[in-house]
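Presented below is the structure to which this report refers.
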Amino acid sequence: MFNPLKMAGDIKGMEKMLKPALEKFMNDSGFVKKAEIEKLERRIERLEAKLRD
């Protein structure tokens with residue numbers, strides 16, 4: 001018989017198992033968060049400005 005509450009619990013369990021693996025894959029494969037890229041872009045702009053002056 002179909003039990004939606006049990007299925008929801010199973011999905012939560014799968015999410016808990018897959019999340020660390022997904023984060024490790026993203027870190028190892030070169031994916032970065034948008035905030036990190038923006039921070040680096042601002043730093044590059046500041047360094048370029050210092051070099052121009």
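The values are calculated or read from the model by the stated rules, or taken from the named source; none is laboratory data. Note that the structure is predicted; figures quoted are calculated from it, not measured. All Cβ positions, glycine included, derive from the backbone under ideal geometry; neighbour counts span all protein chains shown. Accessible surface is based on the protein model in full, side chains and every heavy atom, while ligands, DNA and RNA are left aside. Shrake-Rupley method; radii C 1.70, N 1.55, O 1.52, S 1.80 Å.
Just checking, does the range 37-53 include any residue being in contact with a Leu (Cβ under 9 Å, 6 or more places away or on another chain), on the phi < 0 side of the Ramachandran plot and outside any helix (DSSP H, G or I)?
Checked the range 37-53: no residue is in contact with a Leu (Cβ under 9 Å, 6 or more places away or on another chain), on the phi < 0 side of the Ramachandran plot and outside any helix (DSSP H, G or I).
Report, by residue number, each residue of the range 18-53 that is open to solvent by less than 100 Å² (accessible area, probe 1.4 Å) and among the acidic types (Asp, Glu).
If the condition is that a residue be open to solvent by less than 100 Å² (accessible area, probe 1.4 Å) and among the acidic types (Asp, Glu), then Glu23, Glu36, Glu38, Glu41, Glu48 are the ones that fit.
Determine the pairs where a residue that is at pLDDT below 80, located within the range 30-42, has a partner that is outside any helix (DSSP H, G or I) with Cβ atoms under 7 Å apart, the partner being 6 or more residues away or on another chain.
Close Cβ pairs satisfying both conditions: none exist.
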